[in-house]
Amino acid sequence: WESMVCKSPGFMIELVVKALQQSGERAVVLDGFAGLSLDILKEYNPDDHKLISFAKENILFLDKASHKNLFPLMKYIVHNGGTGTTNAALQSDVPTIITPAML
């Protein structure tokens, strides 16, 4: 979600990991300016050991990655709808889900 933060980075990463846990999907999470990371999840929700364990086993947290190279390898792309990310997602020919975080 690049620089988009809804409430706080901790709230966002917990929401993402819980959604992935419920869906049984794995993911690549780019921390971007929002700073979404496993460390933030551990700080935000230190007592939810199942959630943290799920994140460790099923999410690859990256500081940055080339959208052009990464997106074609994905099952689907969930992002904030910024112009650059949307352009890369559409070019990848992978289904894209836009989740605006500002409102």
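The values are calculated or read from the model by the stated rules, or taken from the named source; none is laboratory data. Remember, predicted model here, so these are calculated numbers, not experimental data. Positions of Cβ are generated from backbone atoms using ideal geometry, with glycine treated the same way; all protein chains shown enter the neighbour counts. Just the protein is used for accessible areas: all its heavy atoms, side chains included, with ligands, DNA and RNA removed. Shrake-Rupley method; radii C 1.70, N 1.55, O 1.52, S 1.80 Å.
Largest GNM mean-square fluctuation among VAL17, VAL29, VAL78, using the chain with Cα springs under 10 Å: VAL78.
Give the angle, between 0 and 90 degrees and rounded to the nearest 10, that separates the Cα long axis of helix 49-58 from the longest principal axis of the Cα atoms of the chain. Value to nearest ten degrees: 30. Near ARG26: Cβ cut-off under 10 Å, other residues only, Lys/Arg at +1 and Asp/Glu at -1. The net charge is -1.
Loop-located trypsin sites (Lys or Arg not before Pro) in the chain (DSSP state other than H, G, I, E, B) with a sparse environment of at most 12 neighbouring Cβ atoms within 10 Å: LYS7, ARG26, LYS64, LYS75. Rolled with a 1.4 Å probe across the full set of protein chains, the surface gives VAL28 an accessible area near 40 Å². Checking every one of the GluC sites (Glu not before Pro) in the chain against DSSP loop status and a limit of 15 other Cβ atoms within 10 Å picks out GLU25. When nucleic acids and ligands are ignored and a 1.4 Å probe is applied, PHE71 ends up with an accessible area of around 10 Å².
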